[in-house]
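Student: Could you have a look at this structure, given as structure tokens, before my questions?
Readers should treat all values here as calculations from the given coordinates under stated rules, not as data from a laboratory. Quantities reported herein were computed from a predicted structural model and do not represent experimental measurements. Cβ placement follows ideal geometry from the backbone for every residue including glycine, while neighbour counts extend to all protein chains displayed.
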Amino acid sequence: MTELLAGLRVLDLSLWQPGHTATQLLADLGADVLKIEPPGGDRMRPIPDRFLNFNSHKRSLVLDLKLEADRARLHQLVAQAEVVVEGFKPGVADRLGAGYAQLRAVNPALVYCSISGFGQTGPLAQTGGHEQNYQAYAGVMSRPPNGAAPMPAAALMGDQGGGLAAAFGILAAVLCARRTGQGEHVDVSVADLMISWSAPMESIEEGAARKQRPPGMGVYPAAGGGHVALGVFSEDHAWDLLCRKLGLEQFVGLKIADRRGRFAEIQPLLQACFATRSREDWVADLGSAGVPIAPVLALDEAMELPHFWKRGVIARGPDGERRIAHPIRYVEHPSRPPGLAPALGEGGEAGFDKARPERPS
């Protein structure tokens with residue numbers, strides 16, 4: 001039986017779940033996915049359930065892109081591929097010789113997909129974080145009416161949704177590249193995707209069960225009534241930075257398993273620390289030091305955040321109202337801006353045999 005994506009060759013340079021999800025979706029449909037892993041392996045390999053669920057039907061090749069010979073090997077593979085997926089912080093792929101311009105010079109028809117927390121452009125592009133940080137910025141955490149701390153979504157909506165959006169963008173660009181011979185840089189921002197889902201809602205459903213997370217991976221009340229979301233997960237250096245900044249040097253050096261085991265001891269100390277300063281002070285102080293932290297924004301705050309307007313995921317429609325735009329940026333072939341919805345039955349009389357009539361946008 002012919003598979004939908006048989007013959008599609010994909011190089012997967014991603015090290016986290018959004019990229020894994022995207023290429024898994026492609027591999028499930030028959031794409032030939034070759035994982036390019038650094039020495040020591042993918043960052044998700046130590047988490048077996050995540051790794052196995054999102055890396056089946058793939059092959060693996062170890063390349064150290066800090067070595068010239070391995071970069072040359074990557075370029076040879078790029079010449080044979082149609083798609084490259086990467087999930088580095090913006091600028092890192094360029095430094096490794098694997099940026100869009102560098103690989104497009106090898107293969108002008110290449111579809112190159114970048115998946116990051118906040119996209120390749122915009123004021124937050126260089127901001128690090130994980131699922132909770134993106135949810136916090138996008139205003140999608142639940143806000144219990146009793147004044148309790150906002151709660152992140154129970155599902156990994158950023159990891160999974162980011163991968164799904166990336167797969168969609170990749171396939172759209174592949175169709176164009178096969179037709180025109182011109183490649184594309186697909187820029188997927190997890191935060192863009194989240195706010196595009198949440199902004200049309202009048203309110204966010206409440207009551208999602210809170211799961212105990214490692215200290216440093218949660219929401220903490222700040223002075224003045226605001227909250228901050230910490231995204232310190234498995235990065236030991238970020239945990240050590242946090243402890244030193246908060247004056248909790250006794251916990252420097254703890255690994256993630258140890259932090260989980262001492263949750264009851266550490267969590268109250270973190271809560272006490274964050275209660276001493278405002279949300280804005282903590283984000284400015286810890287964020288500038290490299291600790292993954294985000295302000296927990298209400299949806300209205302998130303909708304007015306300059307980053308999302310600069311990215312174009314929030315825009316004005318032809319009626320002048322604030323609208324959600326396409327959540328993925330296409331560098332070579334921009335998506336249409338928000339337009340008007342068709343009236344019932346408008347423009348569909350001839351199906352696909354007739355070009356769709358243009359409407360104001």
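Student: Kindly state, to the nearest 0.05, the FRET efficiency for Q182 paired with R277, given R0 = 41 Å and r defined as their beta-carbon distance.
Tutor: It comes to 0.20.
Student: Stick to Cα atoms and the Kirkwood definition of Rh, then tell me Rg/Rh for the range 9-198.
Tutor: Result: Rg/Rh = 0.99.
Student: Ranking F118, F274 by Cβ neighbours within 10 Å, fewest first, what do you get?
Tutor: The most exposed by this proxy come first: F274, F118.
Student: Still on this structure, please answer the following. Can you show me the helix-derived [θ] at 222 nm for the chain, built from DSSP H runs with n ≥ 4 at -39,500 (n - 2.57) apiece and divided by the number of residues, rounded to the nearest 500.
Tutor: Result for the chain, helices only: -10500 deg cm²/dmol.
Student: Sticking to Cα atoms, compute the Rg of the chain to one decimal and its Dmax as the biggest Cα-Cα distance, whole number, in Å.
Tutor: Computed over the Cα atoms of the chain, radius of gyration and Dmax are 21.8, 72 Å.
Student: Can you give the local net charge around E3? Use residues other than it whose beta-carbon is closer than 11 angstrom to its beta-carbon, Lys and Arg +1, Asp and Glu -1.
Tutor: -2
Student: Go through L242, A272, P292 and say which Cα lies farthest out towards the positive end of the charge dipole of the range 219-298; charges sit on Cβ, +1 for Lys and Arg, -1 for Asp and Glu.
Tutor: A272
Student: Going by alpha carbons, how many degrees (0 to 90, nearest 10) lie between the helix axis of 157-180 and the longest principal axis of the chain?
Tutor: 20 degrees
Student: Can I ask one more? Summing +1 for each Lys or Arg and -1 for each Asp or Glu, what net charge is found among the other residues whose Cβ lies under 13 Å from the Cβ of H185?
Tutor: -3
Student: Here's a follow-up. Please order E235, E321 by the number of other Cβ within 10 Å, starting at the fewest.
Tutor: Fewest to most other Cβ atoms nearby, the residues stand as E321, E235.
Student: Additional query: Any idea what the relative contact order of the chain is, in percent, if you count C-alpha pairs under 8 Å spaced at least 6 apart?
Tutor: 16 percent
Student: Can you count the Lys pairs in the chain whose Cα atoms are under 20 Å apart, with each pair 8 or more apart or on different chains?
Tutor: 7
Student: Suppose R0 equals 56 Å. What FRET efficiency, 1/(1 + (r/R0)^6) with r the Cβ-Cβ distance, do A6 and E304 give to the nearest 0.05?
Tutor: 0.75
Student: With an 8 Å Cα cut-off and a minimum separation of 6 or more residues, compute the relative contact order for the range 9-198 in percent.
Tutor: Contact order relative to length: 25 percent.
Student: Among L242, L175, rank each residue by its count of other Cβ atoms within 10 Å, from fewest to most, as a rough exposure measure.
Tutor: Least crowded to most crowded, the residues run L175, L242.
Student: Explain nothing, just the number: dipole magnitude of the range 34-89 about its Cα centre with +1 on each Lys and Arg Cβ and -1 on each Asp and Glu Cβ, in debye rounded to the nearest 20.
Tutor: 120 debye
Student: Relative contact order (percent) for the range 67-177, with alpha-carbon contacts under 8 angstrom and 6 or more residues of separation?
Tutor: Computed over the range 67-177, the figure is 23 percent.
Student: Another one. Please work out the Cα center distance from the range 235-256 to the range 110-173, rounded to the nearest Å.
Tutor: Each part reduced to its Cα centre gives a spacing of 25 Å.
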